[in-house]
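The values are calculated or read from the model by the stated rules, or taken from the named source; none is laboratory data. What you are looking at is a predicted structure, and each value in this text was computed from that prediction instead of being measured. When we count neighbours, we look across all protein chains shown, and the Cβ atoms used for this are built from the backbone with ideal geometry, even at glycine. Ligands, DNA and RNA are excluded from the accessible area calculation, which covers all protein heavy atoms including side chains. Shrake-Rupley method; radii C 1.70, N 1.55, O 1.52, S 1.80 Å.
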Amino acid sequence: MKKSTLTLMVALVALLCSGTAFSGVEFLRGGQEIQDPSKAPDKRKQEIVKGSFDRSYKIQPPMIPHTIEKEEISLRVNTCMKCHSEKTYKEKKAPKAGDSHYVTRDGKVLETVSSRRYFCNQCHALQLDAAPLVENVFAGAK
Ligand code: HEC
Ligand code: HEC
């Protein structure tokens with residue numbers, strides 16, 4: 001082995017052992033040791049607003065402004081539609097699920113919500129009052 005290669009290897013091993021190779025890098029686990037059990041995440045409160053959240057772009061699925069703890073979406077029931085369906089929205093003073101929600105992938109307009117849009121929370125999400133994990137400078141197009 002060449003002398004220079006050997007010197008390089010010794011230097012690398014020394015660097016790794018001293019733990020300085022990763023200094024300055026911040027991990028999502030913070031200062032917690034890798035072998036420690038994960039800490040339970042902080043309990044965050046859902047953000048509830050009157051009306052709607054601003055959308056970041058025109059066809060963004062609007063975010064859910066109210067609690068949904070008691071709602072159920074299963075094979076048998078979709079309780080979101082107790083308020084957001086064409087039959088109920090006026091009485092419940094809720095916005096009707098968009099017309100796009102009634103169209104099949106072949107472009108057929110149905111009377112009830114299309115299976116493509118059945119699982120509401122696949123697209124519509126709650127909001128939590130939490131700081132972003134990494135800096136984000138995205139600005140919505142309004
Ligand atoms: C008891 C009636 C009711 C139920 C059940 C309900 N909603 Fe709503 N929803 C409303 C009302 C009323 C609004 C209008 C804003 C407000 O007053 O909170 C709304 C607003 C929304 C909005 C915002 C629309 C926009 O344009 O910003 C979304 C998205 C939404 N609901 C999704 C859901 C989903 C998904 C479920 C089921 C998990 C659900 N809702 C269940 C009554 C309801
Ligand atoms: C595949 C994604 C997707 C699913 C699943 C979905 N939505 Fe939406 N939703 C959207 C998008 C995108 C918009 C905004 C554009 C539009 O109206 O199509 C929207 C808009 C809405 C609006 C606002 C309509 C308006 O006129 O402002 C309501 C209310 C809503 N959805 C309720 C629901 C409910 C209730 C369900 C479940 C039965 C559901 N959505 C399932 C994507 C989805």
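The longest part of the chain holding none of the exposed loop chymotrypsin sites (Phe, Trp or Tyr not before Pro), meaning those outside H, G, I, E and B in DSSP with at most 11 other Cβ atoms within 10 Å, is 58-137.
Summing Lys and Arg as +1 and Asp and Glu as -1 over all other residues whose Cβ lies under 14 Å from the Cβ of residue 89 gives a net charge of +3. Between helix 3-18 and the chain, what is the angle of the helix's C-alpha long axis to the longest principal axis, kept within 0 to 90° and rounded to the nearest 10? With rounding to tens, the tilt is 50 degrees.
Accessible area per residue for the chain, computed on protein heavy atoms with a 1.4 Å probe, is 89 Å². Over 23 Å apart at the Cα level, from the set 43/92; 50/93; 70/93; 70/92; 70/96, are 43/92.
Farthest towards the positive end of the charge dipole of the chain, among the residues 56, 95, 130, is the Cα of 95, using unit charges on the Cβ of Lys, Arg, Asp and Glu.
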